[in-house]
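The block underneath contains the structure these notes are about, expressed in structure tokens.
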Amino acid sequence: MAVTSQRTTQKEDYQFEGEVYVAGVEGPEWLMQHQVWSLYLIGPKGNLRVFLTDRQVGEEGVPKMGQRLQVTIRWANFVSQKLCFITGYSLLID
């Protein structure tokens, strides 16, 4: 697994792009009129819990446990908490 890019525009707006392994998926749950899935990912720097909204679900559907993904993740402040959201992803085939 390799980090392909990291960039910081502001302290509270941090983005990560790279390859991750899907260790678990929960959901969907309803949040502010959107379906949201919790994904547990293993990346090059450790474990990560991220959220995927119905607006970001790709053609492949919601990622499944055991898949490898190329992702773009954005950290954002949401109701005074810092959360990670997937803003784009593609399925990697071995």
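The values are calculated or read from the model by the stated rules, or taken from the named source; none is laboratory data. Small disclaimer: the values here were computed from a predicted structure and weren't measured. A quick note on method: Cβ atoms are made from the backbone with ideal geometry, for glycine too, and the neighbour counts reach across all protein chains shown. Protein only, heavy atoms only, side chains kept; ligands, DNA and RNA dropped before computing areas. Shrake-Rupley method; radii C 1.70, N 1.55, O 1.52, S 1.80 Å.
When the dipole is taken about the Cα centre of the chain, and only Lys, Arg (+1) and Asp, Glu (-1) are charged at their Cβ, what size is it in debye, to the nearest 20?
Dipole magnitude for the chain comes out near 320 debye.
May I ask you to list the trypsin sites (Lys or Arg not before Pro) in segment 11-94 that are in a DSSP loop and have at most 16 other Cβ atoms within 10 Å of their Cβ?
Loop-located and lightly packed - Lys11, Lys45, Arg55, Lys64.
For Cα pairs less than 8 Å apart in space and 6+ apart in sequence, what is the mean separation divided by the residue count of the chain, i.e. the relative contact order in percent?
Across the chain, relative contact order equals 28 percent.
Let's test the formula: R0 of 30 Å, r as the Cβ-Cβ distance of Ser80 and Glu59. What FRET efficiency results, to the nearest 0.05?
E(calc), rounded to 0.05, equals 0.30.
Could you point to the label whose value was computed as log10 I(q)/I(0) by the Debye sum over Cα atoms at q = 0.12, 0.21 Å⁻¹ for the structure here, given (1) -0.35, -1.09; (2) -0.53, -1.07; (3) -0.59, -1.21?
(1)
Taking only protein heavy atoms into account and a 1.4 Å probe, give the accessible area per residue of the chain in Å².
Roughly 64 Å² per residue, with all protein chains present.
Among Leu39, Ala23, Cys84, whose Cα projects farthest towards the positive end of the dipole of segment 15-94, with charges put on the beta-carbon of Lys, Arg (+1) and Asp, Glu (-1)?
Farthest towards the positive pole: Cys84.
I'd like the GluC sites (Glu not before Pro) in segment 23-94 restricted to DSSP loop residues with at most 15 other Cβ atoms within 10 Å, sorted by number.
The qualifying sites are Glu59, Glu60.
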